[in-house]
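Heads up, the thing below is written out as structure tokens.
The values are calculated or read from the model by the stated rules, or taken from the named source; none is laboratory data. Keep in mind the model is a prediction, meaning the values are calculated, not measured. We place every Cβ from the backbone using ideal geometry, glycine too, and count neighbours over all the protein chains shown. In case anyone asks, the SASA skips ligands and DNA or RNA and just uses the protein heavy atoms, side chains included. Shrake-Rupley method; radii C 1.70, N 1.55, O 1.52, S 1.80 Å.
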Amino acid sequence: MNLTNIRKITLVGDLHLGIRNNSVEWMNIQRDFLLDFLLTKVDEDFDENRDILILEGDIFHSRESINVRIQNEAFDIFKQLAKKFKRGIYIIIGNHDVYYKDKNEIHSLKSLSYLADNIHVFESPEILTINHSHNFLMLPWIEDMTVLSNTVNDYRNLCQYIICHADIKGLKFNKWTHVEHGIEIDALNTYKRVYGGHIHHRQERDNVLYTGTPYQMDRGDIGNIKGFYQLEVDSPVLVETFIENTQSPTFVKFDIMNILELPISEIYKKFNNNFIDIMININFANKLSVTRFLEEISSIPHRKIEFFTYTDQTEADAEMNSDFNPEDGFNISDIFKMYLKSKEYSQDVKMNLAKKFIEIHQFVKSQNTYA
């Protein structure tokens, strides 16, 4: 596919429409980002005849079935996006978009491609040539690692860039867990730049950039700044700019002792529109009136506040107190802690087991096997 007279690419990572069991709140968060924040930022310097939008896959969260309300919301969103980006929206298929894990023929993005002639979905690897000078390998999800590696190798003399949805070894799922399966990062060193979806943690190593999800989606995103990228492609040298998402809520964690020392105005800044975890030392928990505390901050707009107790034993224990995904429907970390407390293990053994549990739990979540 060849595109000419293109000025700028707006590049956005995984959307996962329908997360949190098709939560209305989360659909509104995602909609607000796409139709308010994203378009407002794009409008600061936009040419409707020369600018395009590229999405890196996992448009929907569920690979097996799409909730009707979520689908209708998605249709409305993409109709508006297609009207805005007249030169085209280009989407690579992610693993959450395909019904079968090992093939891409049946996927949820076909419906989006029928909405408008300028929405294009890449089901298989294809070269997207921009202005006769920038060749992008549009690389959708490929389950088979051998096929994926061979594909990357086959295009290395044909393309300078890759936009993919894939695991790349040597990078991280999150601040705890490294990617141990996927493309060898050295296999990508002939490309000028590799832009990756699939991994939600925004990060960069060598020539590889995982753009990350455009908004935080769970506690694993704490501290990871989200947003989207713009690539200027109207000259021989590609220019890359990151636009931080300053609108969507974030996940934040505070110790109660630090919060109690702040004036209301400062608490407002930290709590406003966010999902908040408050850590309380077990020795102080009985002295704190949670009801009174909530009354004092009732005027501060926030998404949700959850309280967790911890001891002074280990940092791993403190992490586990808040390391679970609300979407799970049950707190698997609490279950594990209860099990651990029931065992007469030494403190060192408990600490090592806790660290290993966090590592495995984060890896399983990053694989999205619960979807």
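Tabulated data
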| quantity | calculated |
| --- | --- |
| Amide proton proximity set for ILE183, modelled H, under 5 Å, gap of 5+ | ASP167, ILE168, LYS169 |
| Overall Cα dimensions of the stretch 6-137 - principal axes, largest extent first, Å | 41, 34, 21 |
| Pairwise Cα inverse-distance average, inverted: Kirkwood Rh of the chain (Å) | 22.1 Å |
| Cα gyration tensor, the stretch 186-236 - rounded (a/c under 1.5), prolate or oblate | oblate |
| 1.4 Å probe accessible area per residue over the chain, in Å² | 46 Å² |
| Dimensions (Å) - the stretch 252-313, Cα atoms, principal axes, largest first | 32, 20, 18 |
| Among 304-312, 197-205, 259-267, the order from most to least packed when residues are scored by Cβ within 10 Å on average | 197-205, 304-312, 259-267 |
| Gap separating the Cα centres of the stretch 1-75 and the stretch 96-163, nearest whole Å | 17 Å |
| Accessible surface of the chain [probe 1.4 Å, protein heavy atoms]: carbon and sulfur percent | 48 percent |
| The stretch 165-212 and the stretch 273-293: distance between their alpha carbon centers, rounded to Å | 37 Å |
| Among PHE293, HIS96, LEU128 - extreme Cα towards positive end, dipole of the chain, charges at beta-carbon | PHE293 |
| Cα gyration tensor, the stretch 97-233 - rounded (a/c under 1.5), prolate or oblate | rounded |
| Phi to ³J(HN,Hα) by Karplus 6.51 cos²θ - 1.76 cosθ + 1.60 over the stretch 85-102, Hz, x for Gly, Pro | 8, 5, 6, x, 10, 10, 10, 9, 6, x, 5, 7, 8, 9, 6, 9, 5, 9 |
| Translational D in µm²/s for the stretch 164-279 (Stokes-Einstein at 25 °C, 0.890 mPa s, Kirkwood Rh from C-alpha pairs) | 151 µm²/s |
| Calculated P(r) tail over 20 Å for the stretch 56-127, as whole % of Cα pairs | 25 percent |
